[in-house]
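Written below as C-alpha cells is the structure these notes are about.
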Amino acid sequence: MPVREVLKIGHPLLRQPAKEVEDIHSDEIRTILDDMRDTMIALNGAGLAAPQIGVGLRIMIFGVDSNPRYPEVEVVPQTTLINPEFKVVDDNMESGWEGCLSVPGYRGLVPRYNKIIYQGMDESGELIEREAGGFHARVFQHEFDHLDGILYPQRIKDMRNFGLEQELFPA
Ligand code: NI
C-alpha cells in the first residue's frame, strides 16, 4: 500500500472530470482507497480525491481528528465517499482559507456554501447521507470540486487573497 505521488496544479488530469465508479467492491477500488488513505496520512492532508493520485474516478476521502495542539480546528469525521452528490441547504456562502496537497505551500480565501446535505457510498456499499456545515461542508465541497476537475484557486474571488502560506501568515 504505497504512498502515491500527488499531482500538482497544472497537471492535465487535475482538470478532467472524473467518472462514476461502477463496481464499488472491485479489488481495484480497494487498492485505490488504501493508497489514498496512506497518501493522505503521510502528507498530513484533511482530504484527498482520486484524481490527485492520477485516478479519474469519483472517490474522495476526508477527515480531521481532534488535535490537542490545534484545539481551534473543527473535527470532521473520517469519511470515504464513492460517487458523491450534494444539495445546497442554505444559499449563504462563507469565505474561509483553504490549502490543497496539489497546490503545495499556498493558501487562498474561498467562498463555499455554509450548509449542505451530501451523500455517497462508503467502500462497503453503505449509503452515507449527512447534513454538514462550516468547515465540514467546506472540506466536502473542496474534494467534490476535484472530481469535476476544479482546484480551489479557480474559486477565489479576489486574487489578493491567494499566496504562499508563510507570506500570508508569517509566524
Ligand atoms: Ni485539494
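The values are calculated or read from the model by the stated rules, or taken from the named source; none is laboratory data. Note that the structure is predicted; figures quoted are calculated from it, not measured. Backbone-built Cβ (ideal geometry, glycine too); neighbour counts: all protein chains shown. The protein model used for the area step is the full one, side chains on, heavy atoms only, and it has no ligands, DNA or RNA in it. Shrake-Rupley method; radii C 1.70, N 1.55, O 1.52, S 1.80 Å.
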Revision key, fill the gap. Expressed as a whole-number percentage, the relative contact order of the range 24-93 with C-alpha contacts under 8 angstrom and at least six residues apart is 22
**Study point:** Placed amide H near Gly163: partners under 5 Å, 5+ positions off or other chain
**Key:** Arg107
Check your understanding: Can you tell me the accessible area per residue over the chain, all protein chains present, probe 1.4 angstrom, in square angstrom?
Key -> 55
**Study point:** Per-residue ³J(HN,Hα) for the range 156-163, Karplus 6.51 cos²θ - 1.76 cosθ + 1.60, θ = phi - 60°, Hz, x for Gly and Pro
**Key:** 6, 7, 10, 5, 5, 8, 9, x
Point to revise | Helical contribution to [θ] at 222 nm, DSSP H n ≥ 4, -39,500 (n - 2.57), averaged over the chain, rounded to 500 | key: -6000 deg cm²/dmol
Check your understanding: By how many degrees, 0 to 90 and rounded to 10, does the Cα axis of helix 27-42 deviate from the longest principal axis of the chain?
Key -> 30
**Study point:** Over 21 Å [Cα-Cα, the range 51-171], rounded percent
**Key:** 42
Check your understanding: Tally Lys/Arg at +1 and Asp/Glu at -1 over every other residue whose Cβ is under 12 Å from the Cβ of Gly99; what's the total?
Key -> 0
Check your understanding: Which far-off residues, 5 or more places away or on another chain, put their amide H under 5 Å from the one on Ile128, with H placed in the peptide plane?
Key -> Gly120, Met121, Asp122
**Study point:** Solvent-accessible area, 1.4 Å probe, carbon plus sulfur percent, for the chain
**Key:** 49
Practice item. Take the alpha-carbon centre of the range 26-72, take the same for the range 126-143, and report the distance between them in whole Å. Key: 14
Review point. How many nm separate the modelled label positions at Lys8 and Glu167, each set 7 Å beyond the Cα in the direction of the Cβ?
Key: 1.6
Point to revise | Normalised contact order of the range 1-148, rounded percent, pairs of Cα under 8 Å and 6 or more residues apart | key: 25
Practice item. Return, ordered by residue number, the residues of the range 50-77 whose backbone nitrogen is under 15 Å from a label point located 7 Å along Cα→Cβ of Glu94. Key: 72-76
Revision key, fill the gap. Val110 neighbourhood, Cβ < 9 Å, K/R = +1, D/E = -1, net charge +3
